[in-house]
Amino acid sequence: PLICKFPLTAPSFDFASDRRCTSGDSSSTTTGSASPVPNSYESLEGGSYSGTSLQSPPAGVPAKLAPPFGYNYPTMHPAYQQNPAPKPDPSPSHGGYNPPGYQPYSQVLTLLSSALGGLGGVSELEAETLRPVNLLQERNILPPKRAPPPEPNLSNDLRKVNCSPDTFRCTLTNIPQTQALLNKARLPLGLLLHPFRDLTQLPVITSNTIVRCRSCRTYINPFVSFLDQRRWKCNLCYRVNDVPDEFMYNPVTRSYGEPHKRPEVQNSTVEFIASSDYMLRPPQPALYLFLLDVSHNAVESGYLNVFCQSLLDNLEKLPGDTRTHIGFVTFDSTVHFYNLQEGLSQPQMLVVSDIDDVFIPTHDSLLVNLKESKELVKDLLNALPGMFTHTRETQSALGPALQAAYKLMSPTGGRVSVFQTQLPTLGAGLLQSREDPNLRSSTKNVQHLGPATDFYKKLALDCSGQQIGVDLFLLSSQYSDLASLACVSKYSAGSVFYYPSFHHIHNTAQRQKFQKDLQRYLTRKIGFEAVMRIRCTKGLSIHTFHGNFFVRSTDLLSLANVNPDSGFAVQMSIEESLADTSLACFQAALLYTSSKGKRRIRVHTLCLPVVSQLSEVFAGADIQAISCLLANMAIDRSISSSLSDARDALVNAVVDCLTAYRANGSNIQPSGLIAPAALRLFPLYVLALLKQKALRTGTSTRLDERVFSMCELKSQPLQQIMHMVHPDLYRIDNMTEQAALHLNDSVIPQPPLLQLTAEKLTREGAFLMDCGSVMYLWVGKCCNETFIRDVLGFPNYASLPSNMTEIPELQTTYSERTRAFISWLYDFMLTLTLMQLFFSRDDASTKTSFFQHLVEDRTESAFSYYEFLLHVQQQMSK
């Protein structure tokens, strides 16, 4: 029997003002946050226009009653189980399949037009996004290949210069004119940002004058309008500004008198070299401090060997210049510093045993210039793994070590990298085990998702005020209270990495993942002492931020460090009618210091059309962006309220949206579960979210693993989240060159995407699942021996090892074709992480990891996709 239930009261998200998440338990912050740090950066980047209302609009529709979730499974509809999806407007000549109750496409569009307020002038593409889809009858709703984001309905000129959706994405590509229209659609309005992502092309502008609106401080961009050569109108607040004399000259064309052709006005993503006006102090050098657990537990795991070797391999690649500084602190029951000052014959270790008030020796000898002390650094890294081999210290004074790191870094700022292998047991910030292993499979509310102490959050806020970012690597086989420890990274704009059951010999998969993560982490670019402000068209308002940061003021995020793998989300509402404008714009400005000591401003501007019809709002829905924003909101709800509340709210987001669609298009197919084509994947993505470690119930889930999944959903970019939530599944043992891509003299096969169900697996095949940071290769028992030999390099299935992590380079057509495809997937995600490949035999225990991602299948504690659709339909009929 299914043991996962929804309680009688099923809450919904209040999209207009979901402000439940202001406590220290969440890294979401509403715009009302007070800052304990002097707001010195407010004037530096420039405030927003005055007079913007930050009041919440009226609350939304009240929560509805729902019966317990998880009983009475009817048999599967025959059409859903076997028949192909109906084609738009099938005719007898095409032999199209018409399921019961199916209406011709042209007739449906006529009904849709009158029901949703008219479709006059909509494009063919937009009409297709509104095509009603009966989810209970159309089984094959996945696109054959990874679908691109929906394209805003803009003129070709605006579309060409609009911001890339990989950087800046809105949940609705058609912005409703009013909050009332948005409420009617029952969809969230928000932005997903990946502001510091790696770019192959980035216009960098050096100018004495950075042109900005005098009123709202918006940076000039492609969507402003020039009234003449000497005046331009701001696209956010509509103020008319003068064009400075310097802006009349175009450095690209070397011509005068064409300000509209300047690179700032031709590109929606640009980077300015900032002047001294954008500095509170001289730009800081790149400064890296490594804080290393050397207790018995740490030494036994062997992580020190892996870390020291990785840092040795990448020491020359650390971002920085001749001013780069580096330091090391180790800790167990005491705290150890290392004097690496130039001129010493070997590193000197200084032990501080008073952890209640850690004394910091001279800063200059502990944080040293990497170029000048490189040989001493290498000596220390070579010696460290052997220095604590025979330690019997089992205690961990992480809190005092972090306090010491704060004192050490405060004069400058920089990055602290913490490596921890157990629960902190001594001094400030000590923690006790809160996990009951007997409750890991509970269907009731999960306890202890929030921190046990505010020590780590307070320390993080102190660090943020001194421009110190803290990254946490947790490598532990036991419960370590990540819910508490992660706060040190959440509020200092850091990153969290987690390696459960790490052991450098016994768990090779985790070791290799740790190595690859370290390689990326140590060499990726970094920005120091950063702030980010998001501005939007007058009438729109930001009310909640999601991600790892600290909010300094209503729209200014403090990012002590910024990295290219972090994503952010914001929720928005419509405070004033947008009826007087046809376009809405959003601008994110990231002010940071590069690792080379240059002050820079990266600016992204997004432009979207404003619409007045409900049909247009539905047509412009970006279901991936909506799902990611809802994931962020659900994580906050699970911490501020309860996990069951969060799960209920996710289900009701689908119920409310599809009910709104049906209520406003009541002439469309009264039977079935109907969604517009743009939202056809909504129930599937929500079901996949409910089966994530962060939100699932009834399946054994360690508390630290659940919390880490929550951290990932809250801090990853959209691309990565979607691969985690709904991975891509391909069959790769029968790939051909049909419809292949031809890139750089390589032929890249394009196998179709498969639904995430065991129905699509056969024991005669080999299947690749792309989860973003990891890939799984599942090989069936009866797989073609030609594939096993020519691609995997083994004579037959029986000889396949279970610990393969790479596809060998073989001189066969099969091998080249397969590696080309995997490399293409790998390149697609390279900006986010270095992938890890897990190999799974049909008969191996490792296949559990593979099968848990088949989200359409029923488990002991969760619905199948079809059963979930029936539950949604049942809720809609209440």
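The values are calculated or read from the model by the stated rules, or taken from the named source; none is laboratory data. Everything quoted here is computed from the prediction, not taken from an experiment. Every residue, glycine among them, receives a Cβ derived from its backbone with ideal geometry; neighbour counts consider all protein chains shown. In case anyone asks, the SASA skips ligands and DNA or RNA and just uses the protein heavy atoms, side chains included. Shrake-Rupley method; radii C 1.70, N 1.55, O 1.52, S 1.80 Å.
Within the stretch 615-636, restricting attention to residues that are of a type in the set (Val, Ile, Thr) and open to solvent by less than 10 Å² (accessible area, probe 1.4 Å), the residue that is farthest from PHE586 (Cα to Cα) is ILE635.
Under the condition of being under 15 Å from ASN369 (Cβ atoms) and in contact (Cβ under 8 Å) with a residue 40 or more places away in the chain, the residues counted in the stretch 294-318 number 2. The residue of the stretch 224-244 that is surrounded by the fewest Cβ atoms within 10 Å (Cβ to Cβ), among those that are more than 30 Å from ASP166 (Cα to Cα) and aliphatic (A, V, I, L, M), is LEU227. Looking only at the stretch 276-299, residues that are out of contact with any Ser or Thr (no Cβ under 9 Å at 6 or more places or on another chain) and small (Gly, Ala, Ser) come to 1 in all. Assess whether ALA397 counts as being among the aliphatic types (A, V, I, L, M) and either within 35 Å of the chain's Cα centre (by Cα) or at pLDDT below 95 (or both). Criteria met by ALA397. The test for being within 22 Å of ALA127 (Cβ to Cβ) and modelled with pLDDT of 95 or more does not hold for LEU189.
Only one of the numbered conditions (1) at pLDDT below 95; (2) open to solvent by less than 50 Å² (accessible area, probe 1.4 Å) is violated by PRO282, and that is (2). One residue is enough: does the stretch 137-148 have a residue meeting the conditions surrounded by 14 or more Cβ atoms within 10 Å (Cβ to Cβ) and touching a Lys or Arg at 6+ places or on another chain (Cβ under 8 Å)? So far as the stretch 137-148 goes, yes, one or more of its residues are surrounded by 14 or more Cβ atoms within 10 Å (Cβ to Cβ) and touching a Lys or Arg at 6+ places or on another chain (Cβ under 8 Å).
All of LEU439, LEU474 fail the test of being out of contact with any Cys (no Cβ under 7 Å at 6 or more places or on another chain), buried (at least 23 other Cβ atoms within 10 Å of the Cβ) and closer than 14 Å to ARG702 by Cβ, apart from LEU474. Take the conditions (1) part of a loop (DSSP other than H, G, I, E, B); (2) of a type in the set (A, V, I, L, M, F, W, C); (3) open to solvent by 10 Å² or more (accessible area, probe 1.4 Å); (4) more than 30 Å from VAL872 (Cα to Cα); LEU158 misses just one of them, which is (1). Being open to solvent by 70 Å² or more (accessible area, probe 1.4 Å), over 25 Å from GLN755 (Cα atoms), charged (D, E, K, R) and modelled with pLDDT of 90 or more, is that true of even one residue in the stretch 789-806? Yes. Between LEU287, LEU304, the distinction of being among the hydrophobic types (A, V, I, L, M, F, W, C) and closer than 28 Å to ALA530 by Cα belongs to LEU287 only. Kindly establish whether ALA588 is open to solvent by less than 10 Å² (accessible area, probe 1.4 Å), under 26 Å from GLY494 (Cα atoms) and part of a helix (DSSP H, G or I). No.
Set side by side, the residues GLN738, GLN719 differ, and just one is among the polar types (S, T, N, Q), touching a residue at least 60 places away in the same chain (Cβ under 8 Å) and open to solvent by 10 Å² or more (accessible area, probe 1.4 Å), which is GLN719.
This table checks each residue for (1) surrounded by 23 or more Cβ atoms within 10 Å (Cβ to Cβ); (2) among the small types (Gly, Ala, Ser); (3) in contact with a Cys (Cβ under 6 Å, 6 or more places away or on another chain).
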residue: GLN447; (1), (2), (3): no, no, no
residue: ALA452; (1), (2), (3): no, yes, no
residue: PHE455; (1), (2), (3): no, no, no
residue: LEU459; (1), (2), (3): yes, no, no
residue: GLY465; (1), (2), (3): no, yes, no
residue: GLY469; (1), (2), (3): yes, yes, no
residue: GLN478; (1), (2), (3): no, no, no
residue: LEU482; (1), (2), (3): yes, no, no
residue: CYS487; (1), (2), (3): yes, no, no
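When SER641, SER671, SER612 are checked against the criterion of being out of contact with any Phe, Trp or Tyr (no Cβ under 8 Å at 6 or more places or on another chain), open to solvent by 10 Å² or more (accessible area, probe 1.4 Å) and closer than 23 Å to GLY450 by Cα, SER641 stands alone in meeting it. Of PHE272, PHE196, PHE247, all but one fail to be part of a helix (DSSP H, G or I) and open to solvent by less than 10 Å² (accessible area, probe 1.4 Å); the exception is PHE247.
Summed over the stretch 439-495, the residues that are part of a loop (DSSP other than H, G, I, E, B), touching a strand residue (DSSP E or B) at 6+ places or on another chain (Cβ under 9 Å) and among the aromatic types (Phe, Trp, Tyr) give a count of 1.
If only residues of the stretch 104-155 that are more than 22 Å from PRO176 (Cβ to Cβ) and part of a helix (DSSP H, G or I) are counted, the one that is modelled with the highest pLDDT is GLU124. Set side by side, the residues ALA560, ALA649, ALA589, ALA619 differ, and just one is under 27 Å from ALA180 (Cα atoms) and out of contact with any Asp or Glu (no Cβ under 6 Å at 6 or more places or on another chain), which is ALA649.
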